[in-house]
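Input: a single structure, listed below in structure tokens.
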Amino acid sequence: MWKIVTSVIYILMSLFNPCTLRTSEAMAEDEDMFLRAKQRTFIGFTEDEQKEWKGPFFFIQAADPQLGLMKAWRENDCDGGGDEWADEVQLTQQAVEAINQLNPRPKFMVLCGDLVHAMPGTPYREGQERDLQVALRGTDPSIPLVFVSGNHDLGNTPTPETVAQFCRTWGDDYFSFWVGGVLCLVLNSQLFFDASACHDLRDAQEAWLEEQLKRASQGPGVTPKHVLVFQHIPLYLKTPDEEDDYFNLQTATRQRLLERFKRAGVKAVFSGHYHRNAGGLINGLDMVVSSAIGCQLGEDTHGVRVVVVTADQVIHRYHSLDDLSVRGMDEELKKLLQA
């Protein structure tokens, strides 16, 4: 009788919280790893736990594993292709193995969107997400994984349903977390790009972001050592006044965000989407555009970015997966950790 009552209670709770629809011990373990972003914060990286500066640290920024794009790109069928993704799985596994070998270990790894290529509701979506999670499950438990939503994760025009689907699989689509006295903001850039089908979600993120930026610059509470932003679509690729493009945010949105970020003292914005390295430091704000773990659209190599945070600076270098596997992180970056 007690088992029946317990089962009924569990089902009722699941109806009110879609993110709890994971029914086995193995899935519970996955939840610890893939669903740590909840209630607009991140388990283990709350302000109370991480508000104090304790010295230099580093993290890994990666982007666009995008399982399925490599074959689709080769066959010039990015809309309907992507029925194979073994190459991207192997590259993701290589990244995980290389990062696991780093000593010291990074505080976290953030994946800045386009986790898979298949759009919501398309045939290969479930298989790509499943295989990506299998590959990422090899990450050392001491390295939390932070997930950012991209246009392929939500759809180019996201809906409440596609956003909810992402949240059930990967955690909240926007949230904040603290690491060693540094405030990090994870944003849903698709709500900046095209929120025509989800105005309420856009407005909710805007209000939340405004509150986060005010707290960062004016208090009350602890003043962060730095403020970092993670989103999929870059503000710009080269300069803030460049023309609108598929790979950047529209001019009006870009300028508005730049002004808000500068007022709040944001040090750097990290993104992906471009599948090439780009960006630059302009007026004190570093726009960091990192190339992909997966498909390359330019001359860069499959890789990730190592980011060192010191009391005064945020310094980063893009490492190819091969170099990171063989040589580890750049020696100059290592020295910064010892300062």
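The values are calculated or read from the model by the stated rules, or taken from the named source; none is laboratory data. As the structure is a computational prediction, the values presented were derived from the model and not from experiment. In this analysis, Cβ positions are derived from the backbone assuming ideal geometry, glycine residues included, and neighbour counts consider all displayed protein chains. These area figures cover heavy atoms from the full protein model, side chains too; ligands, DNA and RNA do not enter into them. Shrake-Rupley method; radii C 1.70, N 1.55, O 1.52, S 1.80 Å.
Using a probe of 1.4 angstrom, how much of the accessible area of the chain is carbon and sulfur, in percent?
About 51 percent, which is the carbon plus sulfur part of the accessible surface.
Which aspartates and glutamates have a Cα lying under 17 Å from the Cα of Lys334, excluding residues fewer than 8 positions away in the same chain?
Candidates past the 8-residue exclusion: Asp312, Asp323.
Write out the GluC sites (Glu not before Pro) in region 291-339 meeting two conditions: DSSP loop, and at most 15 other Cβ atoms within 10 Å of their Cβ.
Sparse-neighbourhood loop GluC sites (Glu not before Pro): Glu299.
Per residue, how big is the convex hull of the chain when only Cα atoms are used? Give it in Å³.
Normalising the Cα hull of the chain by residue number yields 145 Å³.
How high is the relative contact order of the chain, in percent, with contacts defined as C-alpha pairs under 8 Å that are six or more residues apart?
Once divided by the residue count of the chain, the mean separation gives 20 percent.
Please identify every one of the chymotrypsin sites (Phe, Trp or Tyr not before Pro) in region 211-301 that sits in a loop by DSSP and has no more than 15 other beta carbons within 10 Å of its own beta carbon. Walk me through the intermediate numbers first.
Details: sites: Phe230, Tyr236, Tyr246, Phe247, Phe261, Phe270, Tyr274; in loops: Tyr236, Tyr246, Phe247, Tyr274.
Here the sparse-neighbourhood loop sites are Tyr246.
In the chain, what % of DSSP beta bridges are antiparallel (nearest 5)? The partial results should precede the final answer.
Numbers: 24 of 44 bridges.
If I count the DSSP bridges inside the chain, around 55 percent turn out antiparallel.
Taking amide H atoms as placed 1.01 Å from N in the peptide plane, list the residues 5 or more away in sequence, or in a different chain, whose amide H sits under 5 Å from that of Gly303.
It is Ala292, Ile293, Leu321, by chain and number.
Before I look further, what does region 112-175 give for accessible area per residue, probe 1.4 Å, in whole square angstrom?
31 Å²
Report the FRET efficiency, 1/(1 + (r/R0)^6), for Glu84 and Asp194, where r is their Cβ-Cβ distance and R0 is 30 Å, rounded to 0.05.
Working: r = 29 Å, r/R0 = 0.97.
Calculated value: 0.55.
Once you charge only the Cβ atoms, +1 for Lys and Arg and -1 for Asp and Glu, what is the size of the charge dipole of region 185-339 about its Cα centre, to the nearest 20 debye?
Its charge dipole is roughly 600 debye.
Could you check the simple spin-label distance between Ser217 and Glu161, using points 7 Å along Cα→Cβ, in nm with one decimal?
The answer from the label model is 3.9 nm.
Just subtract the alpha-carbon distance of Thr301 and Thr253 from 0.36 nm times their residue separation and send over the number in nm, one decimal.
On the way: separation 48, 0.36 × 48 = 17.28 nm, distance 3.05 nm.
Taking 0.36 nm per residue and subtracting the Cα distance, the gain is 14.2 nm.
Calculate, for region 201-324, the solvent-accessible area per residue in square angstrom, rolling a 1.4 angstrom probe over the heavy atoms of the protein chains.
Numbers: 5080 Å² over 124 residues.
Averaged over the residues of region 201-324, the accessible area is 41 Å².
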